[in-house]
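Worksheet for the structure shown next.
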Amino acid sequence: MPYDMIDQRQPLEPKTMVIGPDDLRYEIDECVARGAACLTYLAHCTDRAQYVLLKEVYPVEPGILVKRDR
């Protein structure tokens with residue numbers, strides 16, 4: 001039986017604050033790309049004057065497969 005992927009992941013809203021592994025704060029400006037493995041955002045660091053691209057990587061087993069009878 002085939003499996004269909006259901007993608008219900010929603011991108012982060014603009015102005016969402018994210019704290020990076022470097023303890024710096026980043027504000028999401030927009031979601032610029034969406035792929036099979038991640039979302040990519042344009043964000044700016046509020047602690048420094050620089051723009052960055054942040055990737056939100058999907059889990060390996062997100063539990064979003066649906067078994068369909070065909």
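What the table below lists for this structure:
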item	result
Inter-label distance, nm, simple model (7 Å from Cα along the C-beta direction), C38/I19	2.2 nm
Simple label model, 7 Å out from Cα along Cβ direction - V57 to R9, nm	1.1 nm
Three-way shape call for segment 7-58 based on the alpha-carbon gyration tensor, with the a/c threshold at 1.5	prolate
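Values quoted throughout were computed directly from the atomic coordinates according to the rules given, and no laboratory measurement underlies them. Given the structure is predicted, the values throughout are model-derived calculations rather than measurements. Positions of Cβ are generated from backbone atoms using ideal geometry, with glycine treated the same way; all protein chains shown enter the neighbour counts.
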